Amino acid sequence: MKKVLSAAVAVIALAAGMSAAEAADKLKACWVYVGPHNDGGYSEGHDKGRLYAQEKLGDKIETTYVENVAEGPDAERAIERLARSGCKIIFTTSFGFMDPTIKVAAKFPDVKFEHATGFKTAPNVGTYNSRFYEGRYIQGQIAAKQSKAGVAGYIVSFPIPEVVMGIDAFMLGAQSVNPDFKVKIIWVNSWFDPAKEADAAKALFDQGVDIITQHTDSPAPLQIAQERGLHGFGQAHDMIQFAPKAQYTAIVDTWGPYYEKRINAVLDGTWKPEQSWDGLKDGIMQMAPYTNLPDDVVAMAKKTQADIESGALHPFKGPIVKQDGTEVIPAGQNLDDGTLLGLNWYVKGIDDKLPQ
Amino acid sequence: MLESILLTVITAATPLIFAAIGELVAERSGVLNLGVEGMMAMGAVAGFAAAHVTGNPMIGVLAAIVAGVVMAALFGIVTLVFVANQVASGLALTLFGLGLSGLIGDSFVGIPGVSVPSLNIPGLTDLPIVGRVIFGLDPLTYLAIALTIGVSWFLFRTRGGLVLRAVGDSHGSAHTLGYDVIRVRFLAVLFGGACAGVGGAYLSLVYTPQWTEAMTAGRGWIALALVVFGTWLPLRVFIGAIVFGGVSILQLHAQAFGIGIPSQFLSALPYLTTIVVLVIISRNRVLVSTNTPAALGQSFVPDR
């Protein structure tokens, strides 16, 4: 179904693109979203970034997007259509678009591509990402402070490095407060399915967790937390309006300035493929206001955030021990970015078996 | 915990029951409407919007019924009056519904919804284990149960149901006998649309009180499959929906327990189990062939 839909959307985008390209000589910047542009979560974060860039660059650019593009071979067609329609820079915003992006990029050497959260590059493909794990570390600390049960629930999408990194960081943060902290993990195998995410949240609460966090994109789990009088964290977006009594904080993606910078680079001809990976200090992600928390926990969270921003604290600081007990790095070292970007193991203390 | 799991299962099954029972009636009359997903999406957005504007979730449900009926009427006009291909028109209806609902719902994204309060009978609802499962559900779930029984009764115990099934089995014969095939089918399609609309509203008003584009997430297709695997019998479709909902929830619990079975397999389990269960209960070939509407998907053009 999504196939047909995305194809249809791409055809429309193509038609619109052609007429516009004839009308004016603006630079065309295009986006590919895995969910709806207004999903209230991850994809909306990117769309806000697109609107920000459009506003900042005004007449110099025109922007368009294709939404609800399924990850995998389908994405290739959607990206290719955009490239054909005259897009000069294409942002593909989900991990599963990595290989399709590389493939299409090989066919269109004059078009610049930027792939979010992946690790493959090419002469015309750069990657960009946000150090979400920094925020997850803070969330882990808050969870360990606030949880009476000593166990949190974690709703996740797919076992890719980005997600595993988040789980590990959350756990490391929690362990820094309570070494015996536990986490229950549910894979829903979807980025966006509000009902399924809600079911997962219910299952976790039924099994005794009192705080949930998620790496899926809808506010449904937080709504369940609110309903049960328990707590959780927003994902990609400040979801406070869905759960005014339940949200502690949220990782808020702020892609706009990055998009503006990269499109500007294309405009003045200085664009080069980069592997950009910014974090809290660069403002590419922010923490939503700390709410529903006692003062001392807010103070702790703010201090951790300041330490991460100043570089005094790296969430993946040694010693880091894998689930099976092998030590990855000793005390005094920080895990390097290369290892982090390909992370495919759990840290010690997580009982779940990582799907391979 | 058992009570809570049962409640979650019922919640997961209810939208499927609505959509599938509605589709069952349409298919029994011989019309294959693949637009369930689109009608659900429209029901979801209309239900959410009306409930949000008026503050009354029941008006939301009514709006969802209207939205589903309007969508179904569109399908009925195209396939029954203008005799367009049902499969293609149904797929188009799904695309149209998903797109249009996204457009209508654009301004309702990111707003918390109005939820439907659950039943609360002092004394009864507080009973251990069964209390909330029997006496503490939301009104729409009771409606889904009533709908299943009502449709079953209508199809097999009333003259109207007999006519509807006759139209679905052999439109030519029904026409010869003097029944208005197009009219019967049109009404059946409208009924299917109304049910799909409520199924969609259940998602945006009860399940997760919010509106987001594409929030139906394929449930319309599951409902369609349930009708076929449930061999066009309301009770079996109902059982199928409960099994599907049940296994979907149990696999989440299995994961949270950390039993170490790959999550990809667990995610596929609801589909596998539902198919296996429904194949087993409907293994009687003769019964299956009698229950399959013989004229399903065939267009009818009266001679005169």
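The values are calculated or read from the model by the stated rules, or taken from the named source; none is laboratory data. Note that the structure is predicted; figures quoted are calculated from it, not measured. Because the Cβ atoms are built from the backbone with ideal geometry, glycine has one as well, and the counts that use them run over all protein chains shown. Surface areas here come from the heavy atoms of the whole protein model, side chains and all, with no ligands, DNA or RNA. Shrake-Rupley method; radii C 1.70, N 1.55, O 1.52, S 1.80 Å.
Averaged over all directions, how much area does the convex hull of the C-alpha atoms of the protein assembly as shown cover when projected, in nm²?
For the protein assembly as shown, the mean projected area of the Cα convex hull comes to 31.6 nm².
Total accessible area buried between chains A and B, 1.4 Å probe, in Å² to the nearest 100?
Between A and B, the summed buried area is about 3100 Å².
List the lysines whose Cα sits under 18 Å from the Cα of A:LYS281, skipping any in the same chain fewer than 8 residues away.
In chain and number order, the partners are A:LYS261, A:LYS302, A:LYS303, A:LYS317.
Springs between alpha-carbon atoms under 10 Å, Gaussian network over chain B: tell me which of B:VAL243, B:VAL181, B:VAL83 tops the mean-square fluctuations.
Among B:VAL243, B:VAL181, B:VAL83, the largest mean-square fluctuation in the Gaussian network model of chain B belongs to B:VAL83.
If I measure Cβ to Cβ between cysteines in the protein assembly as shown, which ones have no partner under 4.7 Å?
B:CYS195
I need to check one value: relative contact order of chain B, counting alpha carbon pairs closer than 8 Å and at least 6 residues apart, in percent.
With pairs under 8 Å counted, the relative contact order is 36 percent.
Report the rotationally averaged projected area of region B:2-291 based on its alpha-carbon convex hull, in square nanometres.
So the mean shadow area of the Cα hull is 16.5 nm².
Using label points projected 7 Å from each Cα along Cα→Cβ, tell me how many nm separate A:ASP282 and B:TYR142, to one decimal.
According to this spin-label approximation, the distance is 5.7 nm.
Please find, in a Gaussian network model of chain B (springs between Cα atoms separated by less than 10 Å), the residue of B:ILE242, B:ILE77, B:ILE17 whose mean-square fluctuation is greatest.
Judging by the Gaussian network model, the answer is B:ILE77.
Return the Rg/Rh value of chain A, two decimal places, where both radii are evaluated on C-alpha atoms and Rh is the Kirkwood radius.
Result for chain A is an Rg/Rh of 0.98.
Between region A:182-230 and region B:269-298, how many Å separate their Cα centres?
34
Using the alpha-carbon atoms, what tilt in degrees (0 to 90, nearest 10) does helix A:2-23 show relative to the longest principal axis of chain A?
Its long axis makes an angle of about 50 degrees.
Express in whole angstrom the spacing between the alpha-carbon centres of region A:253-318 and region B:92-138.
37
Pull up all non-local amide H partners of A:TRP187: gap of 5 or more, or a different chain, and H-to-H distance under 5 Å with H placed in the peptide plane.
A:VAL156
Taking a 1.4 Å probe, which of A:LYS302, A:LYS281 shows the most accessible area, and what order do the others take after it?
Order by accessible area, largest first: A:LYS281, A:LYS302.
Among A:LEU172, A:LEU82, A:LEU341, whose mean-square fluctuation peaks in a Gaussian network model of chain A (Cα, cutoff 10 Å)?
A:LEU341
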